[in-house]
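*Asks:* One structure is given below, represented as structure tokens, and several questions about it will come after.
The values are calculated or read from the model by the stated rules, or taken from the named source; none is laboratory data. Model, not experiment: these values are computed from the prediction. FYI the Cβ positions are ideal-geometry reconstructions off the backbone, even for glycines, and counts take in every protein chain you see.
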């Protein structure tokens, strides 16, 4: 099918494609080329954080000890700190619970659960506040 002009179909009434008119630059040798595209820059850390939905980061950080909201926000340092704290909490609980009898085991499990829920609450709150803090600047 031959086209009448670049970017336009020969049957404009039947063609489902949008009409796109391209600007052409005249080269010195008589040929044409497209205009140059502007350079693409990577977004800054603040732009990425401001573009993220705060509620998604909060919900993903509520999952105890995982810090998945930090991955969503691309905040790697906060994620690794959260992972290290959760791992340390598990290791400390396992080390302290090795010689525990059946009566104190339930108490140890409750302390472990409360610690992970506290970690989740702190990270979720911090992730939401970080988005709020950055949005007015961007």
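*Asks:* Just give me the residues in the range 75-97 being more than 17 Å from residue 119 (Cα to Cα) and surrounded by 13 or more Cβ atoms within 10 Å (Cβ to Cβ), in sequence order.
*Replies:* Within the range 75-97, 96, 97 qualify.
*Asks:* Could you list, in sequence order, the residues of the range 98-116 that are in contact with a helix residue (DSSP H, G or I) (Cβ under 9 Å, 6 or more places away or on another chain) and over 24 Å from residue 63 (Cα atoms)? Give the derivation first.
*Replies:* First, the residues of the range 98-116 that are in contact with a helix residue (DSSP H, G or I) (Cβ under 9 Å, 6 or more places away or on another chain): 100, 108-109, 111-112, 115-116.
The one that is in contact with a helix residue (DSSP H, G or I) (Cβ under 9 Å, 6 or more places away or on another chain) and over 24 Å from residue 63 (Cα atoms): 100.
*Asks:* I would also like to ask the following. Only residues that are in a helix (DSSP H, G or I), closer than 23 Å to residue 110 by Cβ and in contact with a helix residue (DSSP H, G or I) (Cβ under 8 Å, 6 or more places away or on another chain): list them for the range 76-97, please.
*Replies:* Within the range 76-97, 82, 85, 86, 89, 90, 93, 96 meet the criteria.
*Asks:* Still on this structure, I have one more. Please go through the range 123-136 and pick out each residue that is within 16 Å of the chain's Cα centre (by Cα) and in a helix (DSSP H, G or I). Don't jump to the end; show me each part of the working.
*Replies:* From the range 123-136, those within 16 Å of the chain's Cα centre (by Cα) are 123-124, 126-132, 134-135; that's our starting set.
123, 124, 126, 127, 128, 129, 130, 131, 132, 134, listed by residue number.
*Asks:* Continuing with this model, one more query. Determine which single condition residue 115 fails, assuming it passes every other condition in (1) at pLDDT 90 or above; (2) under 23 Å from the mean Cα position of the chain (by Cα).
*Replies:* (2)
*Asks:* In addition: Considering only residues of the range 61-73 that are part of a helix (DSSP H, G or I) and without any contact (Cβ under 8 Å) to a residue 24 or more places away in the chain, which is nearest to residue 131 (Cα to Cα)? Give the steps one after another, and end with the answer.
*Replies:* Keep residues of the range 61-73 that are part of a helix (DSSP H, G or I), which gives 61-62, 68-72.
Right, trim to without any contact (Cβ under 8 Å) to a residue 24 or more places away in the chain and you get 68, 71-72.
On the way: 68: 15, 71: 14, 72: 12 Å.
Going through the qualifying residues, I end up with 72.
*Asks:* Here is a follow-up. Would you confirm whether any residue within the range 38-60 is at pLDDT below 85 and either touching a strand residue (DSSP E or B) at 6+ places or on another chain (Cβ under 7 Å) or on the phi > 0 side of the Ramachandran plot (or both)?
*Replies:* no
*Asks:* To continue, here is another question. What residue, of 57, 120, 50, 100, is part of a loop (DSSP other than H, G, I, E, B) and surrounded by 13 or more Cβ atoms within 10 Å (Cβ to Cβ)?
*Replies:* On the way: 57 fails: part of a loop (DSSP other than H, G, I, E, B); 120 fails: part of a loop (DSSP other than H, G, I, E, B); 50 fails: part of a loop (DSSP other than H, G, I, E, B).
After ruling out the rest, the residue left standing is 100.
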